[in-house]
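The values are calculated or read from the model by the stated rules, or taken from the named source; none is laboratory data. In this text, all values refer to a predicted model and were calculated from it rather than measured experimentally. When we count neighbours, we look across all protein chains shown, and the Cβ atoms used for this are built from the backbone with ideal geometry, even at glycine.
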Amino acid sequence: MALLAQGIDYFGRDGFPVTARRVRTEPGGKPSHAHDVTQIDHYHDFCELALVLGGRGRHVLEGESFPVSAGNVFVVQGRQVHCFRDRVDLVLVNVMYDPLRLPLPSGLLRRLPGYSALFMLEPTFRSAHRFSSRLQLDREDLGAAEALAERIERESAGAQPGHEAVLLGLLVELMAFLSRRYGESDVRESRALLEMGKLISTLEQRFDEPWTLEQMAKLARLSRTSLLRVFRQATGKSPVDYLIGLRVEAAKRFLRQGDLTMTEIAHETGFGDSNYFARQFRVVTGTTPTAYRRGGRV
């Protein structure tokens with residue numbers, strides 16, 4: 001039975017949910033830190049960004065085994081059972097974070113096709129791609145990523161005043177850095193994920209346009225049927241529902257500002273018709289735009 005690695009053991013009971021731990025292959029399998037479960041089947045109640053700094057081994061994820069070596073970078077989402085085996089001088093740094101407890105600028109990050117590809121899509125399609133779509137960093141970029149991870153580790157351990165803001169900033173910087181590097185990948189499987197990431201990025205920035213499924217499929221270089229299947233696998237939503245969600249979030253911002261009429265907001269956010277806007281807003285949020293503006297924030 002897999003062990004649950006709980007965030008409280010790494011972040012602390014009231015700690016800010018960003019930290020990092022270095023793991024080395026010790027003689028006799030000795031753990032590298034108090035809660036090192038690298039060799040044990042385990043899962044998390046947080047996310048983990050793994051940077052392979054040196055050596056080699058096998059990463060066993062959900063029953064499937066993938067070779068890992070220096071320069072590999074990948075995300076392990078919460079609840080995925082995994083461990084590392086057959087380690088030969090394997091050195092890792094695990095950046096741990098809880099996205100549910102962090103004010104991550106997800107909308108801004110998703111403007112990077114590489115972010116959607118690396119943090120949202122690659123974990124979903126890792127098995128189908130046999131881990132070939134992972135990020136592979138050269139020595140210089142691996143060193144830059146390691147330096148950011150080390151700063152996260154030191155800042156988390158020091159817990160000086162303002163460390164929360166610094167940790168959030170460092171995590172976002174690391175995510176952006178890795179997303180840019182992923183966007184430069186020329187691996188075929190990675191390019192396929194980047195095409196979908198490009199679609200998500202474009203929708204984030206141009207949600208107010210009158211998109212059709214055919215236009216989305218063309219941008220992602222997929223058939224309409226494949227787009228519907230792959231997009232739902234990656235995001236848990238259909239492309240249309242995802243687009244509506246983006247429009248509703250934008251509408252919330254306009255409603256909080258309180259300057260525009262409902263008809264104007266409908267046009268600014270791509271709904272076009274105020275009645276259609278009101279219906280979709282209620283479906284997504286459970287309240288009406290008018291009630292939201294009056295103070296019924298959701």
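Checking every residue in the stretch 95-107 against the condition of being within 24 Å of Pro67 (Cβ to Cβ) and at pLDDT below 90 gives zero matches.
Scanning the stretch 33-76 for residues that are without any contact (Cβ under 8 Å) to a residue 60 or more places away in the chain, closer than 23 Å to Val172 by Cα and part of a strand (DSSP E or B) turns up His44, Cys47, Glu48, Ala50, Val52, Val75, Val76. Filtered by the rule that a residue be in a loop (DSSP other than H, G, I, E, B) and farther than 16 Å from Val68 by Cβ, the stretch 119-137 gives a lone residue, Ala128.
Each residue in the stretch 3-32 was checked for being touching a residue at least 12 places away in the same chain (Cβ under 8 Å) and not hydroxyl-bearing (Ser, Thr, Tyr), and 16 of them qualify. Scanning the stretch 177-221 for residues that are part of a helix (DSSP H, G or I), surrounded by 15 or more Cβ atoms within 10 Å (Cβ to Cβ) and of a type in the set (S, T, N, Q) yields Ser179, Ser190, Ser201, Thr202. Restricting Arg79, Arg87 to residues that are outside any loop (DSSP other than H, G, I, E, B), of a type outside the set (A, V, I, L, M, F, W, C) and farther than 21 Å from Leu193 by Cα narrows the list to Arg87. When the stretch 112-144 is filtered for residues that are in contact (Cβ under 8 Å) with a residue 60 or more places away in the chain and among the aliphatic types (A, V, I, L, M), the ones remaining, listed by number, are Leu112, Ala117, Leu118, Met120, Leu121, Leu135, Leu137, Leu142. When we screen Phe254, Phe231 for residues that are among the aromatic types (Phe, Trp, Tyr) and surrounded by 20 or more Cβ atoms within 10 Å (Cβ to Cβ), the only hit is Phe231.
When Asn72 is tested against the conditions (1) surrounded by 13 or more Cβ atoms within 10 Å (Cβ to Cβ); (2) at positive phi, the lone failure is (2). For the condition farther than 23 Å from Ala165 by Cα and at pLDDT below 95, Ser69 does not qualify. Do you know which of the residues in the stretch 102-128 that are under 25 Å from Ile40 (Cβ atoms) and surrounded by fewer than 20 Cβ atoms within 10 Å (Cβ to Cβ) is farthest from the chain's Cα centre (by Cα)? Filtering the stretch 102-128 for residues that are under 25 Å from Ile40 (Cβ atoms) and surrounded by fewer than 20 Cβ atoms within 10 Å (Cβ to Cβ), the one farthest from the chain's Cα centre (by Cα) comes out as Ser127. Taking into account only those residues within the stretch 152-176 that are in a helix (DSSP H, G or I) and of a type in the set (Gly, Ala, Ser), which is nearest to the chain's Cα centre (by Cα)? If we take residues in the stretch 152-176 being in a helix (DSSP H, G or I) and of a type in the set (Gly, Ala, Ser), then Ala176 is nearest to the chain's Cα centre (by Cα).
A quick yes/no check of all residues on (1) outside any helix (DSSP H, G or I); (2) closer than 19 Å to Val283 by Cα; (3) more than 21 Å from the chain's Cα centre (by Cα):
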residue: Tyr242; (1), (2), (3): no, yes, no
residue: Gly245; (1), (2), (3): no, yes, no
residue: Lys252; (1), (2), (3): no, yes, yes
residue: Leu255; (1), (2), (3): no, yes, yes
residue: Leu260; (1), (2), (3): yes, no, yes
